[in-house]
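So the structure is just underneath, and the comments pick up after that.
The values are calculated or read from the model by the stated rules, or taken from the named source; none is laboratory data. All values reported here derive from a predicted model rather than from experimental measurement. Reconstructed Cβ throughout: ideal geometry from the backbone, glycine too, with neighbour counts over all protein chains shown. What goes into the accessible areas is simple: the full protein's heavy atoms, side chains included, and nothing from ligands, DNA or RNA. Shrake-Rupley method; radii C 1.70, N 1.55, O 1.52, S 1.80 Å.
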Amino acid sequence: MGLSDFHRRELQRILAGRLLTPLFQPLVSLSDGHILGYEALIRGPSDSALHSPLLLFKTAQTFDLLEPLELLCRQLSIQAFADSGAPGQLFLNVNPMLLLTSDHPSGLTKSYIQQAGLAPERIVIELSEQFQVEDTELFVSAVKHYREFGFQIAIDDLGSGFSGLKLWSELQPDIVKIDRYFVDQLHRDPIKKAFVKNIIELAKSTGSLIVAEGIETSEELLFCRELGADIGQGYLLGRPDNDCADVPLAALSLLRTDKALSLNESLEPVVSKIAAVAAQTPAQQVAALFAADKNLSCVAVVNKEQLPLGLVSRSMINERFSHPFGRALYEKKPIHQCMEVAIMVERSLTMDAVSGVLTAEIHDDASPYFIVTEQGRYYGLGSVRKVLRQLSEHKIQLARYANPLTMLPGNVPINRHIDQLLAENKHFTIGYIDIDGFKPYNDVYGYSKGDLVIELLAQIIQAELSQDDFVGHIGGDDFIVLSTDSTVVETAQRICLNFSKRMAHYYLPEHVAAGGFYATDRLGSLCFYPLLSLSVGLAMPDTTVCSNYHDVAALASDAKQQAKKTVGPAVFVNKRRVPEHLARLATLVSEATPERPVFL
C-alpha cells in the first residue's frame, strides 16, 4: 500500500497529541517460570489507520519522522513501566540507524529514566539486526555510551538480517534474542535445531544470555529449554498487554510440572557392563567380536589408562567391511582410526540430568549408546532407548496424579517428594496453604469463578517460589509447598499479600466496598463472610525423628489449623518439629520403668 499525505498528517497528529499506547510482553526464565522483565511495544490509536506498529514505523521512515516517533515511544514506555510498579528489567527497542545520525540527541533516554525514577541497570537496549550498519566503528562507539549509562545491551532478531555474528562479536551483548523464525516448529526441523543449538553454545562460551522469541506451543517451550535457552518470550508465555501481566497459568504449570516430574534415580538400570577394546586393537579383531556375539551391538574404545575415546558399532564395522576393498583397507588398522565420536556422562549423574545431555547432544544419525564413566575412566555403555523409556514411564505415572485444574502434582507425587527429602536427611519447610471462606465464595459466585480463584492462587504461589521449591495441589483450595529456602516465611507473607491484592478484581464492587458478602452457612442461616484471604501453616520437620510423609503431614495440618484461628491473612510457624503422637511416645519411653514398661 502506498503512503499518502494523509498518512503523514495522521502521524503528525499522533506525535503532537502523544497518542501512542505502550504495551508490555513478559520475558520469562525457562528454568522456573519467573518473569525477568518486559519488552515495551507500541500501538497507535485504535481508531487510526496507523494503529499497526508496522505501518506506523513505515510511515515515519518514509516521511523522515522516525527519530521523533522513536523518542516518544521510548519516553512513554519508560514512564508507563515505572507507573506499573512491575519488577524486573525493561527492554527498549532502539533503531541502530538512529545512533549514527550526527544530530541524534545524546542522553535523552538517561533523562527519561531518571525522571521516571528507574535505576539504569533495569534498562536493556535492544538493537535489531534487521538494519544494516555500514560504519560499525561509529556504531560500537555509540553503543558504548549506553553501556556507560549502566544499561545492558541486547541484539534482537538474531538470524533475521545482516551479519548477526559480526555484530555479536563487536558489541559483546549481554543478551541475544533468537528470531522467532528459528523457534517456530523448532522441534520438527533439524536445520533450525542445529542453528539454535550452536547459537546457544556460542552464547554460553561468551557469557551472553539467550532469549528464544516467538514461543507459541508447549513443544517449542520445552524444546527451547532442553536446548539450553535461558529466557523465553512469545504468546504462550504472555501476550503484549497494557498491564505488565503475569505468565499464563498453563505455561507456568507446564514449566513447573515438567520440573517436578524429573527423575532423580541413578543410571545403573540403563548401563551394561560391556568390556571395552584397546585403541590399538586391529579392526579385524573387533569385527570378529561382533561375529561371535550376535547380541553385541556396540563396544567402547579406551586408551591404556582406561579413558574412553569413542564407540564402534556393529553397523559401522559391517559397512566398512562390506565394500569391495573395505576389508583390505581397514582390517589391519587400529580400531581407534575407525571409531565414532561418543557422548560421555559420569555415572554419578541422575537419569534426568543425563536425559538433558542426550537431548542437547544427540542428532539423527547418532549412536543409540553413550559411554558412562566413573571419575573419567570407562565404566560401561548406556542405552539411549532405556533412558527415554524410563523417563517416559516415570512422567506418565506422575502425570496421572496431577491436579486437572492446575496441572500441579497431586497427593502421590507430594508424598513421594516428602519421603525423598526425609531419606536424604535434608532440612526443609512444608507449607500448607488454604483459602479462608472459599465455600461461601463458590456458592455466591459459582464454581467457574471459584476455579479462576484457585488458578490465581496457583499462579501466585509458583511466581513467588524459588527454582528448587516444590509446589503441589492436594485438591480444592489446598496447596502444599516444600522448600529448602531459609526465607520461606517472608515468601509465605508475600503470597498472602499478593493474593489479597489480586482478589479485588474477583468481586463485585459493592462486595469490595463492604469488605465482604452475605451467604448462607451450612445450617441455612444468612451470614456475613469477609473477603477471601489465605491461611498458611509452616512446619520444619525434624528429619531424624519424622520417618514418613504421614508425620510431616500431621505437622503441616496442625500449623494450618493454628493459622486459621486468625481472622484475615495469617502465616503460622509451628515451633513443634515432631508430630504430637511421636512426642507423646517419646515422653512415655522416657518415663518408662521396669514396673511400668511401654509396649510398642
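Overview of results
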| item | result |
| --- | --- |
| When each of Lys192/Lys386; Lys304/Lys332; Lys177/Lys501 is checked by Cα-Cα distance, pairs over 30 Å | Lys177/Lys501 |
| Theoretical gain in end-to-end length, Ser266 to Ser466 [0.36 nm per residue, Cα-Cα removed] | 69.5 nm |
| Check: the chain dipole with +1 on Lys, Arg Cβ and -1 on Asp, Glu Cβ, in debye | 1160 debye |
| Of the trypsin sites (Lys or Arg not before Pro) in segment 1-55, those whose Cβ has at most 11 other Cβ within 10 Å and which sit in DSSP loop | Arg18 |
| Probe 1.4 Å - accessible area at Tyr506, Å² to nearest ten | 50 Å² |
| Rounded, prolate or oblate (a/c below 1.5 giving rounded, otherwise prolate when a/b exceeds b/c) for segment 341-464 by Cα gyration tensor | prolate |
| Sequence-separation-based contact order of segment 147-249, relative, with Cα cut under 8 Å and 6+ spacing, percent | 22 percent |
| Of Gln420, Leu381, Tyr432, farthest towards positive along the dipole that unit charges on Lys, Arg, Asp, Glu beta carbons give the chain | Leu381 |
| Computed magnitude of the charge dipole of segment 437-577 (debye, nearest 20; Cβ of K, R +1, Cβ of D, E -1) | 420 debye |
| Rough spin-label spacing in nm, given labels placed 7 Å along Cα→Cβ, for Ser141 and Phe63 | 3.4 nm |
| Prolate/oblate/rounded label for segment 42-128 (Cα gyration tensor, a/c 1.5) | oblate |
| Residue order for Lys58, Lys177 - accessible surface, 1.4 angstrom probe, largest first | Lys58, Lys177 |
| Value of D in µm² per second that Stokes-Einstein yields for the chain, Kirkwood Rh from Cα pairs, at 25 °C (0.890 mPa s) | 85 µm²/s |
| Three-way shape label, segment 203-358, alpha-carbon gyration tensor, a/c 1.5 | prolate |
| Residues of segment 265-294 with amide N under 12 Å of the 7 Å Cα→Cβ point at Lys333 | 283-284 |
| Where Rh is the Kirkwood radius over Cα pairs, Rg/Rh for segment 137-222 | 1.01 |
| Charge dipole of segment 449-564 about the Cα centre (unit charges at C-beta), most positive-ward option of Ala563, Val545, Thr491 | Ala563 |
| Antiparallel %, DSSP beta bridges [both residues in the chain], to 5 | 60 percent |
| Whole-Å distance, taken between Cα centres, linking segment 149-212 and segment 522-549 | 47 Å |
| Solvent accessible area, Å² - Arg389, 1.4 Å probe, full protein context | 120 Å² |
| For segment 495-558: relative contact order, % (alpha-carbon pairs under 8 angstrom, 6 or more apart) | 26 percent |
| Volume per residue of the C-alpha convex hull in segment 439-579, rounded to whole Å³ | 120 Å³ |
| With DNA, RNA and ligands ignored, accessible area of Tyr445 (1.4 Å probe; Å², nearest 10) | 50 Å² |
| Given charges at Cβ of Lys, Arg, Asp, Glu: the chain dipole, positive-most of Cys527, Ile317, Ala353 | Ile317 |
| Unit charges on C-beta of K, R, D, E only; dipole of segment 1-117, Debye | 160 debye |
